[in-house]
Structures are given as C-alpha cells and as structure tokens.
1. Translational diffusion coefficient of the chain at 37 °C, 0.692 mPa s, Stokes-Einstein with Kirkwood Rh over Cα pairs, in µm²/s as a whole number.
2. Hand me the trypsin sites (Lys or Arg not before Pro) from region 30-118 located in a DSSP loop with no more than 11 other Cβ atoms within 10 Å, in residue order please.
3. At q = 0.15, 0.20, 0.21 Å⁻¹, work out log10 I(q)/I(0) for region 86-158 with the Debye formula, treating every Cα as an identical point scatterer and leaving solvent out; two decimals please.
4. Measure off 7 Å from each Cα along the Cα-to-Cβ vector at Q17 and I167, then give the distance between these two points in nanometres to one decimal.
5. Residue by residue, what Karplus-based ³J(HN,Hα) values in Hz, rounded to whole numbers, does region 94-104 have, using 6.51, -1.76 and 1.60 with θ = phi - 60° and x for Gly and Pro?
6. Output ³J(HN,Hα) for region 34-42: one whole-Hz value per residue in order, computed from phi by the Karplus curve 6.51 cos²θ - 1.76 cosθ + 1.60 with θ = phi - 60°, and x for Gly and Pro.
7. Which whole-Hz couplings ³J(HN,Hα) result when phi for each residue of region 79-92 is put into the Karplus expression 6.51 cos²θ - 1.76 cosθ + 1.60, θ = phi - 60°, listed in order with x for Gly and Pro?
8. Based on Cβ point charges of +1 for Lys and Arg and -1 for Asp and Glu, what charge dipole magnitude is obtained for the chain about its Cα centre, in debye rounded to the nearest 20?
Amino acid sequence: MRRHLKKYLPDHESIRQNPWLRPFASSLLHPRLWHLNRHSAAGAVAAGLFCGLIPGPLQMIGAAVCALIFRVNLPLALLMTLYTNPFTIVPLYLVAYQLGRLVLGDSGHFVAPPEFSATAFVGWTEAMQAWMLGAAKPLGLGLLALAAGLAVVGYFATKAAWRLYLIAAWRRRKGSRKTRAG
C-alpha cells in the first residue's frame, strides 16, 4: 500500500527546490511529515477530511497546518482535501446545513433566499443579509459536526484498511513459505 501511495506523493527534493517553499524548508522537511505508516496515514486522512470543509481556498493551508502540528503525512493530508470540489461542495454544504439544523433542534422548513429585485435592490440586499445570517448558525455548526464526523470515520477506516492489507500480506507470505517448503 505504501509503495502505491509513494508513487503519487512529492519527495523531499521537490520541496527543497521549490522557491516558494524554501523559507519553510526546515519545518516542511521534518521526517515525520513524509514518513508513511498506518499512524501517519490515518492522521493525515483525518486532517485532510476535516480541513476539506473549510470554506474558500484555505483547505490545503489548513491541512498543511494540521499536518505540521500533529506531525502526520503532509502530502496525504493535502491530497485528502480534494474531496471537496465544484461537484461535491453544494451537496456537502446542504448536508452540513441539515445536520446543523438537527443539532440545533430546528424543525422548521427550509426558507428560500429572497427573490432578486433590481428595482428594490437595497431592500433585496437587506433581506439577503437577514437570510444569510439565519442560515449561518446551522451551516457553521453543521460544517463543524460533518468535518469532525468525516475525520473520525476517515481515521478509523484508514487504520482498519491498513490492518486488513497487512493481514492479507502476512497470509500471502505465509502461504508462499509453505509452497516453497513443501
């Protein structure tokens, strides 16, 4: 598994030679950020899944900071943020909004945004601000809950998948030893 992942991850030298990353090379070249084992992979998956729901273009920065703080595999943490993209972000945010409403105990129905009116633009902007503020609390809480849930599931799923892979590899080696001995 490690062999397959390492094919797609950048190496130390590409970081060392990148002019934008050179000032951070001492932190970014810490060996634990590049070592790939089941603990660093599981932590990186959790960090990437959690930070993937950060609004805007800050997901990878958040994942990099988490990788630096928790000393987990940096490239894998960055890669895992890519589950949010233009195709998945709207459904994920809708799920987060509904989850936030559930956590808050809000049983009301969804309130549609105000219809755009060019003639009453000032009134529309005020109505839009009120609508956005009303949606912000359940959305924010839902994003935190969804991100935490994805991180926990990703962490344990990665540990379990790695363990299953190791058990299968151990059994293959054990079987090949028997055929050579017999």
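Every number here is computed from the coordinates shown, using simple stated rules; none is lab data. Note that this is a predicted model, so its numbers are computed, not measured. Every residue, glycine as well, gets a Cβ built from its backbone with ideal geometry; the counts of neighbours run over all protein chains shown.
1. Numbers: Rh = 19.4 Å.
Reported coefficient: 169 µm²/s.
2. Details: sites: R32, R38, R71, R101; in loops: R71.
When the trypsin sites (Lys or Arg not before Pro) of region 30-118 are filtered for loop state and at most 11 Cβ neighbours within 10 Å, nothing remains.
3. The Cα Debye sum returns log10 ratios of -0.62, -0.89, -0.94.
4. 4.3
5. Once rounded to whole Hz, the list reads 5, 4, 4, 4, 5, 5, x, 5, 4, 5, 6.
6. Once rounded to whole Hz, the list reads 10, 6, 10, 9, 5, 6, 5, 5, 5.
7. Per-residue couplings from phi come out as 4, 5, 6, 6, 5, 9, 8, x, 7, 9, 5, 5, x, 5 Hz.
8. On the way: 20 positive and 5 negative charges, 436 e Å.
Value, rounded to 20: 2100 debye.
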